[in-house]
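No lab work stands behind these numbers, since they all come straight from the coordinates. Keep in mind that what you see is a predicted model, and the values were worked out from it rather than measured.
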Amino acid sequence: MGLLAVIALALAPTACGGEGGDHASHTVRGTPTPSARPTPTASPGAQIRVAGLPANYQGFAEIGPDGKVTIDLADDHFAPTVLRGAPGQRLSLTLRNTGETPHHFSTADQQLIVEVQPGMTAEGRITLPQSGNLSFFCLLHREDGMAGGFNVSGPFEAPDPKASPTPS
């Protein structure tokens, strides 16, 4: 079944704006990694496929060498939605619920399942796969497009073999 880490840390209330502001395309704490891999070109709010899942797109980010990532959990999306990292890179995640309902951050390989209450922040750690994509989603809102993915190699829309498909 694999390692399952369940963390329900509520560290501090946050405001919706916060660090980073516009999530359309940016670097997450560090210098962008040069890459020939395709990046999403959709407009914020569009629905795209990320790691094989339908996702409400809210931006792209390169993960810096320090592996520190902040992801906002809003009421219908993750921002950024697509994050590109290195094979086997260890990440330290800060998850901020900027929405008005509880949300989960769950990776398809079950490395991390975190519930974050509205206005709260949680932290967790994951390791990226050696290739392909690792999808993440909200357990409660996945079918509504609240999904995203970490891209290590290949197209960002390619299915994550560990993720179960959503109904069409």
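Translational diffusion coefficient of the range 57-150 at 37 °C, 0.692 mPa s, Stokes-Einstein with Kirkwood Rh over Cα pairs, in µm²/s as a whole number.
254 µm²/s
Once amide H atoms are placed 1.01 Å from N in the peptide plane, what residues at a sequence separation of 5 or more from Gly59, or on another chain, have their amide H within under 5 Å of its amide H?
Under 5 Å from the amide H of Gly59: Thr81, Val82.
Starting from the amide H of Thr70, placed 1.01 Å from N in the peptide plane, find each other amide H under 5 Å away whose residue is 5 or more places distant or on another chain.
Close amide H contacts, sequence-distant or interchain: Thr94.
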